Amino acid sequence: MISGSTTADLLLALHLLGVVTWVGGMLFAYIVLRPSLAVLPPPSRIALHRQVFRRFFLVVWHAMPLVLLSGYAMLFGYLGGFAGAPWNINVMHLLGLIMAAIFLAVVFGPWAAMRRGDDEAAPASIERIRQLILANLVLGLIVIVVATLN
Ligand code: HEM
């Protein structure tokens with residue numbers, strides 16, 4: 001908690017809701033959903049991937065800006081900006097920006113290709129999306145640990 005004010009508490013709550021949605025969604029997708037897809041025949045797997053990605057990326061389009069904007073609001077509203085913030089918040093900021101860049105790379109890279117393309121090209125896009133989501137999941141978990149190391 002940064003200060004006793006209700007606004008600061010609300011901003012932290014919004015920040016954490018966005019974090020839980022984004023990182024928790026990736027954890028579920030990677031660890032629970034992905035291995036479970038093996039029960040489906042390949043064409044159905046691709047169809048399910050299309051549905052899951054479309055919905056999950058729409059969710060992250062909301063969670064990611066929420067995390068960043070609430071983070072900046074706390075950073076500049078209560079902690080005195082980059083100079084006033086403890087080291088871990090600055091690391092969080094840097095890793096948060098990298099996570100956002102990786103998400104954009106997914107959406108405008110392999111996901112855009114998968115939306116345009118046919119099912120034959122889809123497995124390569126799915127594999128690239130898997131790698132990038134794994135990178136973001138690991139970063140997200142690291143950021144959560146870093147965030148608590150005050
Ligand atoms: C632009 C990016 C970000 C900025 C500027 C930012 C900034 C902040 C600030 C100012 C706080 C409040 C710290 C305090 O209460 O003293 C905070 C808390 C927190 N942030 Fe971020 N954040 C960013 C991204 C992220 C991301 C991507 C994650 C996780 C994936 C994350 C996880 C957390 C957690 C778990 C806390 C609670 C820490 C605690 O209260 O001990 N943040 N963040």
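So for the pair Ser5, Ile98, with labels modelled 7 Å out along Cα→Cβ, what separation do we get in nm?
Calculated label separation equals 3.2 nm.
Mind checking which of Leu10, Val145, His62 is farthest towards the positive end of the chain's charge dipole, using Cβ charges of +1 (Lys, Arg) and -1 (Asp, Glu) about the Cα centre?
My answer, from the dipole projection, is His62.
In a Debye calculation with equal point scatterers on the alpha-carbon sites of the range 105-144 and no solvent, what is log10 I(q)/I(0) at q = 0.21, 0.27, 0.34 Å⁻¹?
For the range 105-144 at q = 0.21, 0.27, 0.34 Å⁻¹, log10 I(q)/I(0) is -0.61, -0.81, -1.05.
Taking the Cα centre of the range 6-148 as origin, sum charge times position over the Cβ atoms of Lys and Arg (+1) and Asp and Glu (-1), and report the length of that vector in debye to the nearest 20.
With only Lys, Arg, Asp and Glu charged at Cβ, the dipole is about 280 debye.
Could you run the Karplus curve 6.51 cos²θ - 1.76 cosθ + 1.60 with θ = phi - 60° over the range 75-90 and give me ³J(HN,Hα) per residue in whole Hz, x for Gly and Pro?
Each residue of the range 75-90 in turn: 4, 8, x, 10, 9, x, x, 4, 5, x, 7, x, 4, 5, 6, 5 Hz.
Ignoring everything except DSSP H segments at least 4 long, calculate the 222 nm mean residue ellipticity for the chain; use -39,500 (n - 2.57) per segment, divide by total residues, nearest 500.
My calculation for the chain gives -26000 deg cm²/dmol from helical runs alone.
Quickly work out the Arg55-to-Leu40 label distance, labels modelled 7 Å from Cα along the C-beta direction, and quote it in nm with one decimal.
According to this spin-label approximation, the distance is 1.1 nm.
Once both labels are modelled 7 Å past Cα along the beta-carbon direction, what's the Leu149-Leu27 spacing in nm?
1.9
Output needed for the chain: three equivalent-ellipsoid semi-axes, defined as square roots of 5 times the C-alpha gyration tensor eigenvalues, in descending order, whole Å.
One finds semi-axes of 34, 14, 13 Å for the chain.
Readers should treat all values here as calculations from the given coordinates under stated rules, not as data from a laboratory. None of these values were measured; they are calculated from a predicted model. Cβ sites come from the backbone with ideal geometry, for glycine too, and all protein chains shown count toward neighbours.
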